[in-house]
Amino acid sequence: MAVIPWPLNPSSLPAAAPVADDAAGMAAALIHSRQTILPKRLGSPGPAGAELLQILQAAAHAPDHGQLVPWRFILVPEASRKALADVFAQALRERDPAATPQQAEQAREKAYRSPVLLLAVVDAERGDADIDLAERTVSAGCAVQNMLLMATAQGYGSALTSGKALKADSLRALFQLAPSEQALCFISIGTVQSRKAARARPAASTYVSTLGPHGDVAPGF
Ligand SMILES: Cc1cc2nc3c(=O)[nH]c(=O)nc-3n(C[C@H](O)[C@H](O)[C@H](O)COP(=O)(O)O)c2cc1C
């Protein structure tokens, strides 16, 4: 057992303990195991109760300049899926009046996939106007990733989906979005029924460069 000197001298104290033994290894394993599982491959059960709360609470740990909480999430429970299905069909008709009944049915069907469905929303104006939409959207992305990683840690599959309906007036009206708000994407979470092979990831050297002391920017690090 380590002997702690007394009185305490801060410089003799050990460095802060890691979050957990091999926290970096655990984080890497979690991050690397997340992959998109499309909503059609997500079945019941989905997270509920304490598990769902843990996923939702993970968003609050996102970096948030000015602590504006410029994002929010709207759950779409089973009882509300028909309203969303109607909006998906209406949004399709609005952008393509020639859409067939079969195409409308395909659009409707998407509202019923995945046991847990949330809409992610960002607010461009709330709070400090100096914090622009790009910063707010980065914060929203971090919040979303925290949620996806928590869902992955709990053993669930997850996906983000977007699509033209996100901008439709009918969808904005259904979710009662303020004029300053944008619908970013849907988040689906559920039990993995099937999955594709994990995709190859780009090497960091392909997307990282280094600023040199004389203003040159060289690929790599
Ligand atoms: C904001 C956002 C919206 C997305 N929307 C869709 C979508 O509409 N349909 C889809 O198949 N994938 C969508 N994706 C998921 C990406 O296609 C997916 O992340 C990508 O294929 C990489 O797969 P991975 O998540 O397994 O790394 C979206 C991703 C993001 C970040």
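Here, each number is a calculation from the coordinates, and none is a lab measurement. All values reported here derive from a predicted model rather than from experimental measurement. Positions of Cβ are generated from backbone atoms using ideal geometry, with glycine treated the same way; all protein chains shown enter the neighbour counts.
Remarks
- Residue match in the stretch 75-89 (condition: under 15 Å from the mean Cα position of the chain (by Cα), hydrophobic (A, V, I, L, M, F, W, C) and not in a loop (DSSP other than H, G, I, E, B)): yes
- Selection count where residues are within 23 Å of Val144 (Cα to Cα) and either in contact with a Pro (Cβ under 7 Å, 6 or more places away or on another chain) or assigned to a helix (DSSP H, G or I) (or both), scope the stretch 90-126: 10
- Some residue of the stretch 154-168 being outside any loop (DSSP other than H, G, I, E, B) and away from the ligand (no atom under 15 Å from the Cβ): no
- Scanning the stretch 116-153 for residues that are under 19 Å from Leu177 (Cβ atoms), crowded, with 18+ Cβ neighbours inside 10 Å, within 12 Å of the ligand (Cβ to nearest atom) and β-branched (Val, Ile, Thr) yields Val122, Val144.
- Contact map, the stretch 184-205: residues that are closer than 14 Å to Gly43 by Cα paired with residues that are in a strand (DSSP E or B) and away from the ligand (no atom under 15 Å from the Cβ), Cβ distance under 6 Å, separation 6+ or inter-chain. Pairs shown: Ile189/Val116; Gly190/Gly43; Thr191/Gly43; Gln193/Gly43.
- Candidates Leu211, Leu148, filtered to the one that is on the phi < 0 side of the Ramachandran plot and touching a Lys or Arg at 6+ places or on another chain (Cβ under 8 Å): Leu148
- The stretch 183-205, residues that are surrounded by 10 or more Cβ atoms within 10 Å (Cβ to Cβ) and not in a strand (DSSP E or B): Gln193, Ser194, Arg195, Lys196, Ala198, Ser205
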